[in-house]
Amino acid sequence: MTVIESARRAAGLSQRRLAELASTQQSSVSEYESRRKSPTLEVVERLLDAADAELAVKRRVEFVYVEDPELGLFPVPNRLWQLPVPLCFSRVQVFPFMGDADGKEVWDLSDPAERIEFYELALCHGPDDVLVETVDGALLVEAWPNMHLPDSVRTAWQPLIAEAKGGASREDPPRDPAGYNARIAAEIGIVWPRKGDTWQWLPVTD
């Protein structure tokens, strides 16, 4: 899936509507999404802007395949990733090659139980491109304690789960999101972060 198609779908737009918003032709959007034509960076930014999205740089997800005597080869990434809303909560249909005993093909990822069921199958049997488009890292971390996985799969993925949860000691000081606390503290004249249980007031200057 191209970045243009991903942004368009996340915004709930048709190709025609995206083209209208970006002042271009629907046929051009179709060609970009099918990779029959390569847009310039300026065109990509204009299309993303029309879909209320922006271009961002992120680390590439790469996979190695680990062998299990019973499962065969299964993919393990170098890091977890995030899917945009609503894709991470979409319904997905996968040909039953992934090993569901009941031949189930459709899972509703907005349902926590179905999401866990699908993630279990995906980690054991899904190819890497299916994983990238269906498994959300944050939701996987949340589901992890309740997932039933072969020991080999759990062992291979566990370092990624630990890294996503912070890896560092939980004794580290809490984050100041967007510098909010420091900004408010400066406005009311106190020292941030405070030491102990008492506030330190900044000296008044004329």
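The values are calculated or read from the model by the stated rules, or taken from the named source; none is laboratory data. This one's a predicted model, so the numbers in the text were calculated from it and none came from an experiment. Note that we place each Cβ from the backbone using ideal geometry, even for glycine, and neighbour counts take in every protein chain shown.
Which residues, counting only those in segment 105-116, are surrounded by fewer than 18 Cβ atoms within 10 Å (Cβ to Cβ) and modelled with pLDDT of 95 or more?
Going residue by residue through segment 105-116, those that are surrounded by fewer than 18 Cβ atoms within 10 Å (Cβ to Cβ) are 105-106, 108, 110-114.
Result: D108, S110, D111, P112, A113, E114.
One residue alone among E114, E133 is out of contact with any helix residue (DSSP H, G or I) (no Cβ under 8 Å at 6 or more places or on another chain) and either part of a helix (DSSP H, G or I) or more than 18 Å from V85 (Cα to Cα) (or both), and that residue is E114.
On the basis of being of a type in the set (D, E, K, R) and in contact with a Lys or Arg (Cβ under 8 Å, 6 or more places away or on another chain), does D68 make the cut?
Working: of a type in the set (D, E, K, R): yes; in contact with a Lys or Arg (Cβ under 8 Å, 6 or more places away or on another chain): no.
The answer is no for D68.
From the list E70, E142, exactly one residue is charged (D, E, K, R) and either in contact with a helix residue (DSSP H, G or I) (Cβ under 8 Å, 6 or more places away or on another chain) or at pLDDT 95 or above (or both). Which is it?
Being charged (D, E, K, R) and either in contact with a helix residue (DSSP H, G or I) (Cβ under 8 Å, 6 or more places away or on another chain) or at pLDDT 95 or above (or both) holds for just one of E70, E142, which is E142.
Tell me yes or no: at least one residue of segment 150-172 is outside any helix (DSSP H, G or I), over 20 Å from the mean Cα position of the chain (by Cα) and surrounded by 15 or more Cβ atoms within 10 Å (Cβ to Cβ).
Quick first cut of segment 150-172, residues outside any helix (DSSP H, G or I) only: 150, 165-172.
Still in the list and also over 20 Å from the mean Cα position of the chain (by Cα): 150, 168-172.
Keeping just the survivors that are surrounded by 15 or more Cβ atoms within 10 Å (Cβ to Cβ) gives 150.
Yes; the residues of segment 150-172 include at least one that is outside any helix (DSSP H, G or I), over 20 Å from the mean Cα position of the chain (by Cα) and surrounded by 15 or more Cβ atoms within 10 Å (Cβ to Cβ).
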